[in-house]
Amino acid sequence: MNYLVGAFKPPCNIFISFADGRSRKQVPLKKENGKTVMVALFQSQESIVGEVVIEPVHRKKVEHNGVKIELLGQIELYFDRGNFYDFTSLVRELDIPGELYERKTYPFEFSTVEMPYESYNGVNVRLRYILKVTISRNYVGNIVEYQEFVVRNYTPPPSINNIIKMEVGIEDCLHIEFEYSKSKYHLKDVIIGKIYFLLVRIKLKNMDLEIRCRESTGSGPNTYVETETLAKFELMDGAPVRGESIPIRLFLSPYELTPTYQNINNKFSVKYYLNLVLVDEEDRRYFKQQEITMYRLLETS
Amino acid sequence: MLLIGAEDEEKWLAEGIAGVQHNAFYLHRALDSNNLRDALKYSAQMLSELRTSKLSPQKYYELYMRAFDELRILEMFFKDESKHGVSVVDLYELVQHAGNILPRLYLLCTVGSVYIKSKEAPAKELLQDLVEMCHGVQHPIRGLFLRSYLAQISRDKLLDIGSDYEGDADTVMDAVEFILENFTEMNKLWVRMQLEGPGRVREKREKERSALQELVGKNLHVLSQIEGVDLEIYKETVLPRVLEQVVNCKDDLSQYYLMDCIIQVFPDEYHLQTLEMLLAACPQVQPTVDIKTVLSRLMDRLSKYAASSADVLTEFLQVEAFTKLSNAIEKVIEVQVDMPAVGAITLYVSLLTFTLRVHPDRLDYVDQVLGACVKKLSSIPKLEDSRATKQVVALLSAPLEKYNDTVTALKISNYPRVMDHLDNGTNKVMAMVIIESIMKNNTCISTADKVEVLFELIKGLIKDLDSATDELDEEDFKDEQNSVAKLIHMLYNNEPEEMLKIICIVWKHTMAGGPKRLPFTVPSLVFSALRLVRQLQGQEGDIVGEEVPATPKKIFQLLSQMIEALSAVPSPELALRLYLQCAEAANGCDLEYVAYEFFTQVFVLYEEEIANSKAQVTAIHLIIGALQRMNVFSVENRDTLTHKTTRYSARLLKKPDQCRAVYACSHLFWVDGQDGIRDGERVLLCLKRALRIANAAQQMASIARDSSGPVTLFVEILNKYLYYFEKGNKQITAAAIQHLIELINTEMQGDSATSDAFLASTLRYIQFQKQRGGVMGAKFESIKL
């Protein structure tokens, strides 16, 4: 039985672990099969240190043409599935060609790795980082093991963060002025603002604030744009009259947002918009969309 | 949606309640298992039921109360951090994640109240935040209920903050600011309700709005309950802000309700001290607002307050409450051009009531109020509104009731001027009120001037006013005139001169009353004058020789004028009686001429005016009675008069009447007393003549009816015989009596069936006298029965 199993199983097990695996922060990562696993979290310029343990199964000898570990940063576009584009690729040779008889541990280190992009799992695109251990073999296929990890990059609070203030309207029908306290928000931020009704000649029913995420992938004629409404937050119930001001306070923490990604490696962009939607009694919608910049602030706690 | 049936509404309500109950069930489960996440989820779902637009305010309230009860339970849960393990600060954020605004804000308010209680953050900021966030709900009904919830749930905390915090003025202000803000917003929403929907459901809207007024007013109520709100804060912050809102909202329902609310919830003392400010707002409200009721209530409260203790009265004087109120009312009337007269007058009535209660000693104030009312009344053509006239009556009655003394009212110079503006009917009613007041209080009007004023006031009763062509109710008219007659008796002065003046004035006025009134008023006046005559007669000795204006003679002249006036009516019977009264009075004064003159008038009347036979009978008897008592006449004069009387007696139409008159005439010749005439012969003559007539009557009766008539007349004559017999008239003998008795007995045999009681009594009397013995017994002895 064991033989039988052994025959289809790789001849050895490979374990990849990080040196600070116990203390390092783990974040959930959604796998392709829908399952969520916890993986280590890194940021750019960090050294990725760990060890690879290779353990031949049943003390079987494993012949190989060398063992290497790669750190890959990949972008996968779903319309071009299976075709990974590596924007980062680092290799460390772990072993020269030879044979493995018993469990062997290889330490590895990628010091101060440049990982400019964050891991991202979008609608049409995925950006991921993996450690890939390859045991090269002749004739038979290589034995490969992956260890995914997540990269998040923190930005300091922007020095310039203007308020968004704008007066919009339909002539002689509806004039409003809205104001968001900032144009750049970190992921756990709160959107504070106000909407002033300068002129109301239509009967409004309610008003929502939406957070929309616009993911564009590809370039040129092959550009795919996917817009997703991540939050729909009711701001107002009922019809306001002239001179009324409606407060906005929207906590961003409950929503799964990412920072704004601007033209990542010429492959994709992710942008965020605040969309103010007014609905009148005949269910006509009036809206105004404003882009906001999202950034990741280093969480202190 | 606007024309929803009640059935549909019931259905929607039932659905809403079911929704609330369903979610409340899961909410309870979550609370039992300390599951915060689920608790928030289900409470939000439960509160989503309140997002409906389909229910009327009443139904919505029902639904709201269901949810409210559940929220109290949730609040308890939130309070207990050990159960859910989340700090109140985090909780405050957590509830704000809800996507729908209404559930979000209900939850926020709920947590907010727990937060305030925890004192982990300044109450001020939290309150401001809550009241600000509630702006998100702009739907009038939902917004009102949400804010009402906020007010409700924060109420006990506010009272804590406003009262407990060691009197820290800032925290009090925080609470006040919060309530004012919430109040303002609620009122705005409430006002806005009016604008929702098309005009045709306006009335319904208004009804619905009235149902919600309590929600708005609740805020003011809470304000009044905060101990920290002292006069200073009230004056500087609360009242100006509330009034600002009242004035600015430009909605009549709201303005009316809120003004009333202010007046009702805050202490009187505050009102008194801020009277100016409060009143200044009154002219600024919408012209359609029933501000008069508001002001009336204010004045009502203030006057009650004034009555509560003597100390506060000085305060009223200090703040010049009357002047301020009076000015305010003037301004209101000026501004509200369309206010119907009734409104203005109602205001004056309230002011007057206030004045009378607070400053009963200030008659000038009363006069001032009436003067203002006159001014207003003169600007409108004539009062046609019955309610307005009613109010004027109330206005005029108030001082009468207050002073219990009509004389005081007579001093008010504007009083008659107000009355001038009444229509005739009301004028009369008012005059009646005045008279009744005089009667009730037994007020004696004792000077000619006052009488003059009084009659000027009640002139509606005294004479026909210019256009009195309208139908008069006979009954009412009688009542009125009887009252006037009664009133005349209340005019009295001990001083004959003044009294005469009074009588002259009254006569001057009543003279104008016309034939319909004179029969009522003249008798009173005549008797009033006669009283004076008797009074003069009593003190005659003292004032002889002086040039007294009030001599009986003069009065008698006046009297004859008065009675003469009755001939125009014509009312001869009455005039006759009055003449007789006068003659008697003249008799008392020893004025033979005058008495004779009066009798002359009597006979003239009898001859010329009294044609009715029944009236003649009565008149003759009256004349006989009066004449019998006269003692001033000389023999000739008396003879003339008695002669005339007897003649007239014998000429009456019916025999029995003749008979009775004639035997009555016998008394004219037999007067008891020291120097009375005792002409026994003529007495007998009269009686015999009476007997003859009785006989004739008896025969006529037997011919006409084939049976002899009753013997009553004979018995009556027998009684007369007995009377004179006893009195010692020599011409009346026992034999004559005996004879008469026999005659009667013979007549009686005709019809034995009827035994005459009168006769029996008479005979029994004779028997009694016989048995009595003594002189009288001896006298009667000779009469045999």
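Output the number of residues of the range A:225-243 satisfying the condition of being more than 11 Å from chain B (Cβ to nearest Cβ) and more than 21 Å from A:THR293 (Cα to Cα). Number satisfying all stated conditions: 1.
Which is part of a helix (DSSP H, G or I) and under 28 Å from B:ILE380 (Cα atoms), of B:PHE455, B:PHE477? When all the criteria are applied, what remains is B:PHE455.
How many of the residues making up the range B:128-139 are under 22 Å from B:TYR64 (Cα atoms) and more than 7 Å from chain A (Cβ to nearest Cβ)? Qualifying residue count for the region: 3. Taken over the range B:55-85, the residue count meeting the criterion of being within 14 Å of chain A (Cβ to nearest Cβ) and either more than 30 Å from B:GLN194 (Cβ to Cβ) or surrounded by fewer than 19 Cβ atoms within 10 Å (Cβ to Cβ) (or both) is 0. Applying the set (1) buried (at least 16 other Cβ atoms within 10 Å of the Cβ); (2) over 22 Å from B:ILE732 (Cβ atoms); (3) at pLDDT 85 or above; (4) not polar (S, T, N, Q) to B:ARG647 leaves exactly one unmet item: (1). When A:PRO221 is tested against (1) surrounded by fewer than 15 Cβ atoms within 10 Å (Cβ to Cβ); (2) within 23 Å of A:LYS184 (Cα to Cα); (3) more than 20 Å from the chain's Cα centre (by Cα); (4) away from chain B (no Cβ under 13 Å), just one condition goes unmet, and that condition is (2).
Taken together, A:ARG126, A:ARG137, A:ARG103 contain a single residue that is surrounded by 13 or more Cβ atoms within 10 Å (Cβ to Cβ), under 19 Å from the mean Cα position of the chain (by Cα) and not aliphatic (A, V, I, L, M), which is A:ARG126. Looking only at residues that are hydrophobic (A, V, I, L, M, F, W, C) and more than 10 Å from every other protein chain (Cβ to nearest Cβ) in the range B:96-122, which one is farthest from B:LEU71 (Cα to Cα)? Top of the filtered list is B:ALA121.
Residues checked against (1) modelled with pLDDT of 95 or more; (2) of a type in the set (Phe, Trp, Tyr); (3) closer than 19 Å to A:PRO158 by Cβ:
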| site | (1), (2), (3) |
| --- | --- |
| A:THR258 | no, no, yes |
| A:GLN262 | no, no, yes |
| A:ASN265 | no, no, no |
| A:PHE268 | no, yes, no |
| A:ASP280 | no, no, no |
| A:ASP283 | no, no, no |
| A:LYS288 | no, no, no |
| A:ARG296 | no, no, yes |
| A:THR300 | no, no, yes |
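Conditions tested, residue by residue: (1) assigned by the TED database to the domain that holds B:GLU206; (2) in a helix (DSSP H, G or I).
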site: B:HIS22; (1), (2): no, yes
site: B:LEU55; (1), (2): no, no
site: B:VAL95; (1), (2): no, yes
site: B:ASP129; (1), (2): yes, yes
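Residues that are in contact with an Asp or Glu (Cβ under 8 Å, 6 or more places away or on another chain), at pLDDT 90 or above and either over 17 Å from B:GLN225 (Cβ atoms) or of a type in the set (Gly, Ala, Ser) (or both) occur at least once in the range B:144-151.
Conditions first: (1) outside any helix (DSSP H, G or I); (2) touching a helix residue (DSSP H, G or I) at 6+ places or on another chain (Cβ under 6 Å). B:VAL337 passes all but one, so which condition is the exception? Against the list (1) outside any helix (DSSP H, G or I); (2) touching a helix residue (DSSP H, G or I) at 6+ places or on another chain (Cβ under 6 Å), B:VAL337 comes up short only on (2). Could you go through the range A:156-171 and let me know if any residue there is outside the structural domain of A:SER245 (by the TED database) and in contact with a helix residue (DSSP H, G or I) (Cβ under 7 Å, 6 or more places away or on another chain). Taking every residue of the range A:156-171 in turn, none turns out to be outside the structural domain of A:SER245 (by the TED database) and in contact with a helix residue (DSSP H, G or I) (Cβ under 7 Å, 6 or more places away or on another chain).
Has the range A:159-172 got at least one residue that is within 14 Å of chain B (Cβ to nearest Cβ), over 25 Å from A:TYR117 (Cα atoms) and surrounded by 14 or more Cβ atoms within 10 Å (Cβ to Cβ)?
Step one: filter the range A:159-172 for residues within 14 Å of chain B (Cβ to nearest Cβ), giving none.
No: the range A:159-172 contains no residue that is within 14 Å of chain B (Cβ to nearest Cβ), over 25 Å from A:TYR117 (Cα atoms) and surrounded by 14 or more Cβ atoms within 10 Å (Cβ to Cβ).
Just wondering, is there one or more residues in the range A:244-253 that are polar (S, T, N, Q), in a strand (DSSP E or B) and more than 7 Å from chain B (Cβ to nearest Cβ)? No; the residues of the range A:244-253 include none that is polar (S, T, N, Q), in a strand (DSSP E or B) and more than 7 Å from chain B (Cβ to nearest Cβ). Just one of the listed residues (B:ARG147, B:ARG72, B:ARG155) is assigned to a helix (DSSP H, G or I) and closer than 27 Å to A:ASP208 by Cα, and it is B:ARG147.
The values are calculated or read from the model by the stated rules, or taken from the named source; none is laboratory data. Quick caveat: nothing in here was measured; it's all calculated off a predicted structure. Don't worry about glycine lacking a Cβ; one is built from the backbone with ideal geometry, like all the others, and counts go over all protein chains shown.
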